[in-house]
Amino acid sequence: MFPASQASTTNKNDCGANPDLFSIWSGGLALEDGMDPDRINQIVILVGGRGTRLGDLTQATPKPLLDVAGTPFIDRLIWYYLLQGPRRITLSAGHFGHQFVEHFSNHPIYGSNVEVFIEPEPMGTGGALLHLSSLGALEPQFLMSNGDTLVEIQLDNLQHQLVNCSYSAAMALRHVEDKSRYGSVLLEREEFNQEPNTLVPGARIAGFAEKQIEQDNGKAKSDQAGLINAGVYAFARDPVINAVKATAENKGSSIISLEQEILPEFAASGIVSAVPTGEFFIDIGTPDDFTKGQTLIPSFQSSPALILDRDGVINVDTGYIFQPEKIEWVDGIVEVVSECIKRTIPIFVVTNQAGVARGFYEEKDIWNLHSWMNQELARLSADILGFQGYPIRHFFYCPDHEQGTREAYRRNCSRRKPSTGMIEDIWDYFSSDFAVLDVKKSIMVGDKDTDKQAAESFGLDFLKIQPKENLSHILKNWFSNLEPTPL
């Protein structure tokens, strides 16, 4: 889900082992900040709450720093978001804020820039953003999340509403069978209110309803299915900060609630878009849910991966391709990419590129091509999905060949297929102790026996694609057998 990064396999240091793991290439040049300039780079995570419902657990430790199956919850949350693109992680802290500063000064997460800002006093969700803005810490467009919930959400979908649909805010909405416990969200199109499970991205939010629990013989009376705020957003900075400032001036207080004071105004103006979440949602704010999270969250953060050879699998193999105009897509690749984006299944490419060793093209030509391929596949899949994601999580390639004509690349590389080096890199750099790529659930597709040998040596299931075969057809059974537990 984040922009494609490149790793050559000339040696271990050039094979994806660099500290800037998530850097991408655009036009053959590495962007200094490691991000695609058209994507939202920042996510603000609110971690200032006191967590009083957890009792003794939060007497000396802020709720997001509590361990879930041996790992602080905030680490798990940040990892989930990092895998979808944002590189700048901004924490707005309050209660025990110094613990977050200490934690991340000694505990960087995979090259990400985690910054912590401590509120001088409790300021509410809107006040927290105003405080960050006053410090110059908000980018023109940013994502925002509560720091005590993990929800299955496509960040690309939220971003699309701001960048491509001109909304000032986008809100993730969760479908629940009984909305009586919550304040519900009302959509402009009545069919989404009547059948909330049919919600599609881009529906306009019309307003909000207070939670109402009717009593029936002393018990809460069940209401009906509905949509509720899932606590993940995308904002255009200037409209939201201007609204918070105006509200603060009118009420004479810097304590502002986005949910109760700002978003209702935005909804009335028709500038808030809805984005549905997936099925998984957990809030660790209560003892029961915190206990459930010890098993549910690790299970959620175990994902299959789809590993593809390039030539003959993604594009038709016409021999030593390096020009975008020579690319002809294999039938079914767009459908496969769309399905993986929808399910949040990461796609990795492992490709032998001996054309470099043989002097047919340069490594920068590979970077150019891979950047173009990812952008084009994102565009094509958007026609199916209705929003634009980045399909290829990471391109690994080996430019070496033992019979190469260029001395610098004339070697027997342990990462060139049929060796398993490039596949090993996937697990080395995109799996962790708490966010696991599941080998047993994953699969590799290739068109050569060397691909099969590499996959089977690593322990992966393998499918061989034949010339002119449709990729989506051969992966149909794999998709249908997967459980809906995306990373």
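Could you please let me know if Phe395 is surrounded by 18 or more Cβ atoms within 10 Å (Cβ to Cβ), under 21 Å from Ile153 (Cα atoms) and hydrophobic (A, V, I, L, M, F, W, C)? For Phe395, the condition - surrounded by 18 or more Cβ atoms within 10 Å (Cβ to Cβ), under 21 Å from Ile153 (Cα atoms) and hydrophobic (A, V, I, L, M, F, W, C) - is not met. Looking across region 189-203, the residues that are part of a loop (DSSP other than H, G, I, E, B), of a type outside the set (Lys, Arg) and farther than 18 Å from Glu177 by Cβ come down to Val200, Pro201, Gly202. Looking only at residues in region 66-102 that are charged (D, E, K, R) and out of contact with any strand residue (DSSP E or B) (no Cβ under 7 Å at 6 or more places or on another chain), the one that is nearest to Gly231 (Cα to Cα) is Asp75.
Just one residue in the set Leu369, Leu385 is among the hydrophobic types (A, V, I, L, M, F, W, C), open to solvent by 10 Å² or more (accessible area, probe 1.4 Å) and under 28 Å from Ser338 (Cβ atoms); that residue is Leu385. The condition of being small (Gly, Ala, Ser), under 28 Å from Val200 (Cβ atoms) and touching a Cys at 6+ places or on another chain (Cβ under 9 Å) holds for only one of Ser273, Ser269, that being Ser273. Regarding Val350, is this residue farther than 30 Å from Val185 by Cβ and open to solvent by less than 10 Å² (accessible area, probe 1.4 Å)? Yes, satisfied.
Look at (1) at pLDDT below 95; (2) touching a Cys at 6+ places or on another chain (Cβ under 8 Å); (3) β-branched (Val, Ile, Thr) and you find that Ile345 fails only one, number (2). Is one or more of the residues making up region 314-328 of a type in the set (Lys, Arg) and crowded, with 17+ Cβ neighbours inside 10 Å? Within region 314-328, none of the residues are of a type in the set (Lys, Arg) and crowded, with 17+ Cβ neighbours inside 10 Å.
The values are calculated or read from the model by the stated rules, or taken from the named source; none is laboratory data. As the structure is a prediction and not an experimental result, all values here were calculated from the model. Every residue, glycine as well, gets a Cβ built from its backbone with ideal geometry; the counts of neighbours run over all protein chains shown. Heads up: the accessible areas ignore ligands, DNA and RNA and are worked out on the full protein's heavy atoms, side chains in. Shrake-Rupley method; radii C 1.70, N 1.55, O 1.52, S 1.80 Å.
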